[in-house]
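Step one of this worksheet: look at the structure below.
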Amino acid sequence: MQPLIRHDRARAWVGQGGLAAIQGKTLLLHAEQGLGDTLMFCRYAPLLAQHGANIIIEVQPELRTLIARSCPQLTVIAQGDAVPAHDFNIPLMSLPLVFNTTLATIPSGTAYLVPDPQRVQHWQQVLGEKTQPRIGIVYSGRPQHNADAKRSIPLAHMLTLLDR
């Protein structure tokens, strides 16, 4: 294996040869969209490892610690870090295609993200005793994103929905 250029198209893999093609190979999975997409699609990475691949997953710096804690069997790097040698690369959001995912086969059996226990404790103290379900709603993305105006909703608009 030679060190490769980050996300080298010549080494792109999107399932050709099936999962047997990656046995004993090193795959670089890379985040290509926002934080939410990375959190959603990282659940597929351990499945690739179960098929005999060595997995390097490249994520946004903000998610590196969470993904490393959640997927200890993987090598986790942050975008901008040196990329280790690998045989193939694939964007995270292409993994459902590789697994022929349907609504019924989305990996969802168990929680796949392992939060920092200290942060959990902190937020339990901030939010107080849980007396009813809590729902988090993301209404805006990163303002620096080139299409943020198309994907974020002003908080004032969201609050009007809660009044109904």
Under the Karplus relation with 6.51, -1.76 and 1.60 and θ = phi - 60°, whole-Hz ³J(HN,Hα) for the range 137-150, x at Gly and Pro, equal 10, 8, 10, 8, x, 6, x, 6, 5, 5, 10, 4, 5, 8
Given backbone amide H placed at 1.01 Å from N, residues whose amide H is under 5 Å from that of K25, ignoring those fewer than 5 places away on the same chain, are N54
Under a Gaussian network model of the chain whose springs join Cα atoms within less than 10 Å, the largest fluctuation of A82, A31, A12 belongs to A82
Once all protein chains are kept in place, D163 shows an accessible area at probe 1.4 Å, nearest 10 Å², of 130
Sorted by chain and number, the residues with a modelled amide H under 5 Å from that of I57, at a separation of 5 or more or across chains, are L29, T75, V76, I77
Over the chain, the sum of -39500 (n - 2.57) across DSSP H runs of at least four, divided by residue number and rounded to 500 deg cm²/dmol, gives at 222 nm -7000 deg cm²/dmol
Neighbours of L92 by Cβ distance under 11 Å: Lys/Arg at +1, Asp/Glu at -1, summed charge -2
Row for the range 93-137, column shape: gyration tensor on C-alpha, a ≥ b ≥ c, rounded if a/c < 1.5 i.e. under 1.5, prolate if a/b over b/c, else oblate; value prolate
The chain, Gaussian network, Cα under 10 Å: of G128, G24, G141, the residue fluctuating most is G128
For the range 1-129, whose charge dipole is built from +1 on Lys and Arg Cβ atoms and -1 on Asp and Glu Cβ atoms, the candidate among Q60, S70, T102 with its Cα farthest towards the positive end is T102
Hull volume per residue for the range 22-85, using the convex hull of the C-alpha atoms, in Å³ is 74
The chain: relative contact order from alpha carbon pairs under 8 Å, six or more residues apart, as a whole percent, is 25
Here the chain gives, from Cα atoms, an Rg and Dmax in Å of 18.4, 59
Residue-normalised value, i.e. accessible area per residue, for the range 46-105 at 1.4 Å probe, in Å², stands at 46
With +1 at each Lys and Arg Cβ and -1 at each Asp and Glu Cβ, the charge dipole magnitude of the chain around its Cα centre, to the nearest 20 debye, comes out at 160
Heavy-atom accessible area of the chain with neighbours in place, 1.4 angstrom probe: carbon+sulfur share in percent works out to 56
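The values are calculated or read from the model by the stated rules, or taken from the named source; none is laboratory data. As the structure is a prediction and not an experimental result, all values here were calculated from the model. As a convention, Cβ positions derive from the backbone with ideal geometry for all residues, glycine included, and neighbour counts pool all protein chains shown. To get the accessible areas, we keep the full protein, side chains included, count just its heavy atoms, and leave off ligands, DNA and RNA. Shrake-Rupley method; radii C 1.70, N 1.55, O 1.52, S 1.80 Å.
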